1. Return the total of residues in the range 373-391 being crowded, with 19+ Cβ neighbours inside 10 Å and part of a loop (DSSP other than H, G, I, E, B).
2. Please specify each residue of the range 290-302 satisfying the condition of being in contact (Cβ under 8 Å) with a residue 24 or more places away in the chain and not hydroxyl-bearing (Ser, Thr, Tyr).
3. Based on what the data block shows, is Pro252 over 28 Å from Ser379 (Cα atoms) and open to solvent by 60 Å² or more (accessible area, probe 1.4 Å)?
4. Go over the candidates Val437, Val429, Val444, Val403 one by one and state the one that is in contact with a strand residue (DSSP E or B) (Cβ under 9 Å, 6 or more places away or on another chain) and assigned to a helix (DSSP H, G or I).
5. Being in the same structural domain as Val429 (by the TED database), part of a loop (DSSP other than H, G, I, E, B), touching a residue at least 12 places away in the same chain (Cβ under 8 Å) and in contact with a strand residue (DSSP E or B) (Cβ under 6 Å, 6 or more places away or on another chain), is that true of even one residue in the range 217-235?
6. Anything in the range 240-278 that is closer than 26 Å to Ile229 by Cβ and not in a loop (DSSP other than H, G, I, E, B)? List them, or say none.
7. Would you call Leu85 touching a Pro at 6+ places or on another chain (Cβ under 6 Å), hydrophobic (A, V, I, L, M, F, W, C) and at pLDDT below 75?
Amino acid sequence: MPTATIQAFDALCEVQSDKASVEITSPFDGVIKELLVKEGEVAKVGSGLCIIEVDEEVAEALDDSPASPPPHKEQDAVQSGASTLPSQAAGVQDVSSPSPRKSKPHPLDPNVERVEPPVSLGGAAENVLAAPSVRHLARHSNVDLAKLVPGSGKSGRIMRKDVEDHIAGVSSTASTSESFLGGTADVGQDVVVDLSRTRHGMWKAMVKSLEIPHFGYSTSLDLTALNEILLTLNAHVPLHYLLPSSASSTPPVVSPAAFCGAPTPIQVPPTGQFVKLTYLPILLKTLSKAMSEWPLFRSSITPTSETTSDKPTLTLRPNADISVALSTPSGLYTPTLQRVNAHSIYSLASQLKHISHLGRQGRLTPAEMPKRGGTVTVSNIGGIGDGEGASPVLVPGTGIAIVAIGRAKWVWDVNRGDGSGERRLKVSVAWSADHRVVEGAELVAFVETWRSWVENPQRLIAEGI
């Protein structure tokens, strides 16, 4: 709010665009005098966000700074232009000087060439390696960075922790020495970290999951036959699904389009192209086949706002909608693959690759995250760890069952062959179902139906891959 005191690097606001949310921090210690954009309003590119009154010595330091080249367009959101004219301000405006002056660079502008005084280290003059934020902290805390050389960072770089330890009277070098000697010296203090928006949402969802009685079932699936046909499927991936570097550039001797122009191929985004198939899209396809045979697993609990009945009801869907657990840098999401039964294995592989890219970029949209998610959720934990089992958790509104798929392993199955056993490729699966809706026997029978498709992939030929 106006007239509020703020420190450098404190969060000023969160700016949301079509693609991401960016937190803008204050480049100064000072007092907020005026808010130029109200909460919820649309801020135009190049317009100021607020006005900060700073100390005279900070303003003088800005006057002495060298001129900076024009910032890159991706830095516009964080370079405030604090000492520029109002018409040049990109985010935060400085009003410490009543008269306009020549545009000066942001104190944290990475494009500004900085020259540090040489520091004597063992008789040799070397520049102090430290990030601008560390220099800012040291300057305001009256700490001589030359006394902290070498730092604990890479190549002797001075880190923020080195400065904080020096202020607290604790030498990071001494702490490191004590750790080598088996000491238990305290090298820091507890830090309270606020949960991000996504993790807070996961927190609330897990609390709600306690309302659901779970029924669990674990088993393993034999992928040996599926592994044998995977080579054939990878050898015949349609060209529009392949990355350009993997597609053959040799034209056919006789063109199929000689008589009539070839049909326009399906438009696949570059982020949806791949090199080869994995087991996951085939497991999803076979799961959709089992769901087609079991209407219960194509059902979801009807929200109370959509029913007039006094008793709970289920909504049966005509197609198999499957959600996929996706771990991203910002948290856990469950995008949904709709009508999985109507897609080919190649199409499913392309969709998985595309939503994985969007998740890493923080660009998932309602198209991938519909309000009505899937009736079954799949978590591919085998791509992360080599565990033997899991206990997946259902959340209200995310369907009636969830399965965690482990990592495929070659094992010796003594129950195969003439008694001597056989080498088989198997994968562990762990299921949890909403016991209010699904009986234990129903879950086991459904998994056995899925097994019949996975362990006999030739059945897909009759159904049409």
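The values are calculated or read from the model by the stated rules, or taken from the named source; none is laboratory data. Keep in mind that this is a model prediction, so the values were computed, not measured. Using ideal geometry, Cβ is built from the backbone for each residue, glycine included, and neighbour counts are taken over all protein chains shown. All accessible areas refer to the heavy atoms of the entire protein, side chains included, with ligands and DNA or RNA removed. Shrake-Rupley method; radii C 1.70, N 1.55, O 1.52, S 1.80 Å.
1. Summing the residues that are crowded, with 19+ Cβ neighbours inside 10 Å and part of a loop (DSSP other than H, G, I, E, B) in the range 373-391 gives 5.
2. Ala290, Met291, Glu293, Trp294, Leu296, Phe297, Arg298, Ile301
3. Judged against the criteria, Pro252 is a match.
4. Being in contact with a strand residue (DSSP E or B) (Cβ under 9 Å, 6 or more places away or on another chain) and assigned to a helix (DSSP H, G or I) holds for just one of Val437, Val429, Val444, Val403, which is Val444.
5. First, the residues of the range 217-235 that are in the same structural domain as Val429 (by the TED database): 217-235.
Narrowing further to those that are part of a loop (DSSP other than H, G, I, E, B): 223.
Imposing the further condition that a residue be touching a residue at least 12 places away in the same chain (Cβ under 8 Å) reduces the set to 223.
Add one more test, that the residue is in contact with a strand residue (DSSP E or B) (Cβ under 6 Å, 6 or more places away or on another chain), and what stays is 223.
Yes, the range 217-235 has at least one match.
6. His240, Tyr241, Leu242, Gly272, Phe274
7. yes
This table checks each residue for (1) surrounded by 19 or more Cβ atoms within 10 Å (Cβ to Cβ); (2) among the acidic types (Asp, Glu).
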| site | (1), (2) |
| --- | --- |
| Ser356 | no, no |
| Gly359 | yes, no |
| Ala367 | no, no |
| Val395 | yes, no |
| Ile400 | yes, no |
| Ile405 | yes, no |
| Asp413 | no, yes |
